[in-house]
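Here's the structure we're looking at; comments come further down.
The values are calculated or read from the model by the stated rules, or taken from the named source; none is laboratory data. This structure is a prediction, so every number in the text was calculated from the model and none was measured. In this analysis, Cβ positions are derived from the backbone assuming ideal geometry, glycine residues included, and neighbour counts consider all displayed protein chains. Note: accessible area is taken over every heavy atom of the protein model, side chains too, but ligands, DNA and RNA are not part of it. Shrake-Rupley method; radii C 1.70, N 1.55, O 1.52, S 1.80 Å.
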Amino acid sequence: MDPRGLVMLVAILVAEICCVANGNLVFPVERRKRSLSDIKAHDARRQGRILSAVDLNLGGNGLPTETGLYYTKLGLGSPPKDYYVQVDTGSDILWVNCVECSKCPRKSDLGIDLTLYDPNSSKTAKLVSCDQEFCAAAYDGPMPGCKSEIPCPYSITYGDGSATSGYYVQDYLTYNRVNGNLRTTPQNSSIVFGCGAVQSGSLGSSSDQALDGIIGFGQANSSVLSQLAASGKVKKIFSHCLDNILGGGIFAIGEVVEPKVSTTPLVRKMAHYNVVLKSIEVDTDTLQLPSDIFDSENGRGTVIDSGTTLAYLPGLVYDQLILKVLARQPGLKLYLVEQQFSCFQYAGNVDRGFPVVKLHFDDSLSLTVYPHDYLFQFRGGIWCIGWQKSVTQTKNGKDMTLLGDLVLSNKLVVYDLENMAIGWTDYNCSSSIKVKDEATGVVRTVGAHDISSVSTCFIGRILTFFLLLTAILNN
């Protein structure tokens with residue numbers, strides 16, 4: 001083995017021995033098709049990751065019968081090469097499979113070409129050594145046994161048993177910069193990301209699940225968002241609007257000026273986007289629940305995760321909710337589809353036949369969930385219920401509340417990490433929003449995109465991300 005290979009091996013071994021590291025815009029995002037069973041399996045894996053030392057993985061999907069995850073295309077290196085990565089608001093680092101990896105997936109059923117990142121093929125790539133500031137911050141202090149010639153390792157083990165490990169590199173990330181109303185131009189910035197050398201479990205298989213890596217939009221300093229914010233290029237505010245009607249949608253970084261969005265505080269010192277849910281209302285009737293059912297004092301409260309497809313409620317909440325939802329249709333006969341979804345025959349308009357559900361949060365923010373949101377058409381006149389009973393518990397043994405894309409689609413969702421708040425409003429995700437350049441005060445229009453011609457083999461439509469560089473926008 002050559003010296004470089006030996007150094008890489010040492011880095012990976014160090015990563016496996018050390019504690020799990022914190023690891024970690026603006027590109028086209030594709031939705032991935034899956035069966036109903038795959039959707040539940042995907043959500044179960046994500047809930048396992050919530051309870052592990054690492055953050056959730058995010059995708060983004062509205063209709064369980066149509067799609068499973070969102071992924072995006074980004075450019076890395078000089079000259080830039082394309083990589084397809086899963087979009088994840090629940091994890092922090094950006095990592096991609098690297099050339100040293102012998103068992104990384106080489107093909108994908110998504111109709112995309114997978115690419116192994118090779119630092120040697122990029123003119124701007126630099127190894128991040130374990131004695132550099134980024135590595136010390138990622139490990140909350142100096143790494144034991146560190147020598148300047150050893151790359152900074154990363155290792156993430158997920159709740160479903162899959163894992164990724166490798167080392168950090170620094171290189172150019174290419175994205176779309178907003179430079180006018182409904183206009184963008186390619187822009188690059190030097191960021192630190194993970195070079196994956198060893199993958200296992202679902203991350204190491206060549207299948208319909210295979211991608212080049214994951215880009216995290218979590219809160220840690222290691223995320224791409226945090227790195228760009230630290231360099232003064234963006235504010236730590238991003239928003240998404242996922243369109244499950246026409247496909248595509250909006251993703252922007254920067255302060256949203258229009259539409260106006262009310263917010264609720266994020267629970268501090270949490271790895272995920274946690275909020276305080278106060279009550280649930282069905283057909284104007286408030287569910288009669290124990291006062292501590294959504295308690296976030298010792299647990300994780302309610303998690304907002306657009307990478308989870310469905311919505312999961314504590315058993316007591318779920319039972320009351322379903323009774324209220326079905327109360328208008330006492331003659332419905334429920335039966336199981338794929339042995340896990342409660343479904344029924346219904347020929348009418350679901351928005352007229354079933355009640356609206358409202359979730360009430362701190363600071364008087366409400367989330368309205370319409371029947372066409374929480375009911376999805378399986379086929380023909382068969383409709384299934386998207387609300388699910390939680391099987392995941394918090395550390396203090398309480399059932400977790402996890403709100404996924406079932407309730408978040410067709411809404412503009414704003415994550416304001418500058419003020420530790422999150423908010424949303426019903427919105428036409430095929431339209432546009434206005435985002436402010438903090439440096440100049442200029443307001444730019446960011447529109448929805450539907451780029452379906454990138455590959456003839458792609459299933460679904462593409463959502464384009466836009467990164468608003470607040471310090472260097474053109475006037």
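Candidates in segment 157-175 are the residues that are in contact with a Pro (Cβ under 8 Å, 6 or more places away or on another chain) and at pLDDT below 90; of these, the one that is most open to solvent (accessible area, probe 1.4 Å) is Thr174. With respect to the conditions (1) in a helix (DSSP H, G or I); (2) on the phi > 0 side of the Ramachandran plot, Leu225 lacks only one, and its number is (2). Residues that are open to solvent by 50 Å² or more (accessible area, probe 1.4 Å) and over 30 Å from Lys73 (Cβ atoms) within segment 134-156 comprise Asp140, Pro142, Pro144, Gly145, Lys147, Ser148, Glu149, listed in sequence order. Residues in segment 72-125 that are in a loop (DSSP other than H, G, I, E, B), of a type in the set (D, E, K, R) and over 12 Å from Asp171 (Cβ atoms) were compared, and the one that is most open to solvent (accessible area, probe 1.4 Å) is Lys103. Among the residues making up segment 218-249, those that are polar (S, T, N, Q) and either open to solvent by 30 Å² or more (accessible area, probe 1.4 Å) or farther than 21 Å from Ser189 by Cβ (or both) are Gln219, Asn221, Gln227, Ser231, Asn244. If I filter segment 180-193 for residues that are part of a loop (DSSP other than H, G, I, E, B), open to solvent by less than 10 Å² (accessible area, probe 1.4 Å) and within 30 Å of Val443 (Cβ to Cβ), do I get at least one hit? No, because not a single residue in segment 180-193 is part of a loop (DSSP other than H, G, I, E, B), open to solvent by less than 10 Å² (accessible area, probe 1.4 Å) and within 30 Å of Val443 (Cβ to Cβ). With respect to (1) over 30 Å from Gln345 (Cα atoms); (2) open to solvent by 30 Å² or more (accessible area, probe 1.4 Å); (3) assigned to a strand (DSSP E or B), the lone exception for Asp363 is condition (3).
For Gln320, the conditions (1) under 27 Å from Gln86 (Cβ atoms); (2) modelled with pLDDT of 95 or more are fulfilled apart from (1).
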